[in-house]
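The block underneath contains the structure these notes are about, expressed in structure tokens.
Each value in this text was obtained by applying a stated rule to the coordinates, not by laboratory testing. This is a predicted model, so every value here is computed, not measured. Note: ideal-geometry Cβ built from the backbone for every residue, glycine included; neighbour counts use all protein chains shown.
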Amino acid sequence: MRETFHMPEPRIPNRLRRRLLTVAIAVGGIAAARAEGPAGDRPPTLLVVITGESNSGGYALNSEATPEELAPRPAVQILDNDALVFRPLAIGTNNLLGHAGLRPTETHGFELELANRAERWPADRQPVYLVKTGQGGSRIADWAPDGAYFRTLRTRVAAARRLLANEEVRPIVLLSLGINDAIAGTPLDAWTPAVVAHLARLRQEIGGDPPIVMTRFMERYAATNTAIEEVCRTVPGTASVDTLDASLRDANHWNHAGMKVVAGRMLDVVADLGLIPADPAPHGRHD
């Protein structure tokens, strides 16, 4: 069943003002100007932060994607994690820069289905801005606030917010974390409060009180799935999605088709909040 949760309504700008929103990105990135009518005629700019372990980076093979999915996708502007500028998403080129354990040219994650969705949205909903901060093989302990992974996340998020300083930004977080802790035997009575604390740090770092949508996992991780559901009952503004029927590349990672299903369900939750357009064929299961 698709999870739902309640968030405060997005801020409504002053409808009497007219303005020209300009996004000026450093040389080598993009430069775009958005002209609009009364402020509020277009929704806030969506900033998606994807984070977690290897499934957040994505283990789905690019060889299974279509040529259209591998082409540059300007509807999604991804932060180049090396240059710290936004560029059009290009699967196999810039979607996995600086992600431990994964090669940038071979695989993809949630960003592919995000691009499929974004390209169908009205012009005033484009582009979507994306920051990927996941690290393969990571456990919750690796995301300590003084650790290398969280410092890297902080750098990337700060760069994105700086580049979007002239925009009214609405952030959301897509998180997939828990398999490596289950494999390592991290006790769930220690893992669960650590994840709750991590969610609070993510919100503080990103700003804007973002909704956080988590994945659950394969049947073999039933105990972790239960813990994730408990986290989402405990922490306001969070939800998790079922992945039991998502197809796999191996025992721990979704393949191309499975990744699209999982990402689609996460985006369906965001659509339920009214932050993005609803998809005409949602991926949610109604048990």
* Extension gain ALA100-LEU248, at 0.36 nm per residue separation less the Cα-Cα distance, in nm? -> 51.2 nm
* Asked: Taking the Cα-to-Cβ direction at ARG120 and at ALA90 and moving 7 Å from each Cα, how far apart do the two end points lie in nm?
  -> 2.7
* Consider a paramagnetic label point 7 Å from the Cα of ALA190 along Cα→Cβ; state which residues of the stretch 135-158 have an amide N under 19 Å from it. => 137-148
* ARG162-ARG233 pseudo-label distance in nm [points 7 Å out on the Cα-to-Cβ vector] -> 4.3
* Structure fact -> The answer for TRP254, listing residues at least 5 apart or on another chain whose modeled amide H is closer than 5 Å to its amide H, is TYR59, ARG249
* Asked: Between the stretch 213-287 and the stretch 71-114, what is the C-alpha centre distance in whole Å?
  -> 21
